[in-house]
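Here is the structure we will look at, set down as structure tokens.
Read-outs throughout are calculated quantities, based only on the coordinates presented, and are distinct from any laboratory measurement. Computed from a predicted model, the values in this text were never measured in an experiment. Heads up, the Cβs are rebuilt from the backbone with ideal geometry, glycines too, and the neighbour counts pull from every protein chain shown.
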Amino acid sequence: MEGFAGKVAVVTGAGSGIGRALAIELGRSGAKLAISDIDTEGLAETEEKLKAIGVHVKADRLNVAERESFVAYADAVNQHFGKVNQIYNNAGIAHSGDIEICHFKDIDRVMDVDWGGVLNGTKAFLPYLIESGDGHVVNVSSVFGLFSVPGQAAYNAAKFAVRGFTEALRQEMITAGHPVGVTCVHPGGIKTAIARNATAAEGLDAEEMAKAFDTRMARTSPERAARIILDAVRKNKARVLVGADAKVLDAVIRLTGSGYQALFLSVLRRVTPPSHP
Ligand SMILES: NC(=O)c1ccc[n+]([C@@H]2O[C@H](COP(=O)([O-])OP(=O)(O)OC[C@H]3O[C@@H](n4cnc5c(N)ncnc54)[C@H](O)[C@@H]3O)[C@@H](O)[C@H]2O)c1
């Protein structure tokens with residue numbers, strides 16, 4: 001893959017899954033990398049893989065929910081490389097359970113990471129991306145930013161917020177004449193640790209839920225997801241649907257409007273464990 005030679009790219013949540021695959025694919029295509037994660041072990045593994053292919057990499061522990069740390073981190077990355085071209089706001093978590101049984105703290109946690117992390121990363125890096133003369137913001141939403149399902153309200157709320165924010169940002173960059181592309185990413189089921197890392201409300205079987213995700217829903221490899229995302233970045237696409245499942249789901253939603261809710265309920269009952277005890 002070509003097209004990113006000499007660019008400085010920032011990837012959050014780079015210690016696993018899509019973030020790791022993005023970092024490696026970016027490195028292979030000539031970019032310099034600032035990678036971060038809250039999980040330092042996973043991050044060190046990604047750093048090693050990048051060094052093994054000769055990539056200039058800066059690796060830091062960063063909790064994307066901590067705004068002040070993120071702002072200081074943006075400054076440090078810019079100082080280290082002398083510029084920043086791209087940010088991939090990728091870090092994310094999930095929590096399962098109906099709203100009725102979820103605690104406020106668990107809903108807040110998902111919002112703070114999945115939505116707050118994207119807000120913090122975009123705002124902290126935007127001045128540097130504009131200054132670079134060739135910037136790009138890539139925000140990872142989900143197909144759950146296109147439609148909602150029972151048991152994922154916090155995740156749905158965060159991913160819908162990412163989509164709304166990112167679509168506004170793209171129009172603002174165009175209106176202001178800023179040299180910053182903006183892409184919103186909507187993956188379908190990707191074979192990563194997301195479900196295994198997820199928590200669940202009391203009374204629910206988180207392990208059974210993760211197993212259902214791994215065996216019935218995750219279809220696309222993170223490496224393929226990364227290639228699809230980077231292809232969309234290269235073309236400065238506003239939106240990228242990752243995986244055949246994401247494309248089919250998007251088409252059904254556009255065809256049925258709010259009718260998808262009744263339709264999906266009957267399907268979900270058969271393929272996923274219940275989200276209430
Ligand atoms: N896997 C899927 O099917 C899928 C589908 C749609 C969207 N997504 C989104 O893709 C993104 C990447 O997820 P993934 O599937 O690779 O999952 P993953 O669990 O394999 O990787 C997520 C990474 O984010 C890190 N992280 C979690 N909280 C963090 C925090 N507060 N600060 C910094 N890093 C943190 C984790 O340590 C982990 O390394 C997420 O935003 C996720 O919501 C995934």
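Side notes on the structure shown:
- The range 8-250: relative contact order in percent, alpha carbon pairs under 8 Å with at least 6 residues between: 20
- Within straight-line reach of Lys83, meaning a Cα separation under 18 Å, sit the following lysines at least 8 residues removed in sequence or on another chain: Lys7, Lys32, Lys58, Lys123.
- Evaluated at q = 0.09, 0.11, 0.14 Å⁻¹, a Debye calculation over the C-alpha positions of the chain (equal weights, vacuum) places log10 I(q)/I(0) at -0.39, -0.59, -0.96.
- Going by neighbour counts of Cβ atoms within 10 Å, the residues Val143, Val10, Val137 line up, fewest first, as Val143, Val137, Val10.
- In sequence order, calculated HN-Hα J values of the range 44-56 (Karplus, 6.51, -1.76, 1.60; Hz; x Gly/Pro): 4, 5, 5, 4, 4, 4, 5, 5, 4, 9, x, 8, 6
- Cα-centred dipole magnitude for the range 8-250, charges only on beta-carbon of K, R (+1) and D, E (-1), debye, nearest 20: 1040
- Environment charge at Glu45 (Cβ cut-off 12 Å; Lys +1, Arg +1, Asp -1, Glu -1): -2
- Between Val267 and Arg254, the contour length at 0.36 nm per residue exceeds the alpha carbon distance by 2.9 nm.
- For the range 8-250, with +1 on Lys and Arg beta carbons and -1 on Asp and Glu, the positive-most of Phe165, Ala201, Val8 along the dipole: Val8
- Protection-proxy order for peptides 190-199, 205-214, each taking the mean of Cβ atoms within 10 Å per residue, highest first: 190-199, 205-214
- With all projection directions averaged, the alpha carbon convex hull of the range 1-111 covers 7.6 nm².
- Mean residue ellipticity (222 nm) of the chain, computed from DSSP H runs ≥ 4 via -39,500 (n - 2.57), nearest 500: -15500 deg cm²/dmol
- A DSSP coil position with no more than 15 other Cβ atoms inside 10 Å describes the following GluC sites (Glu not before Pro) in the range 1-108: Glu2, Glu100.
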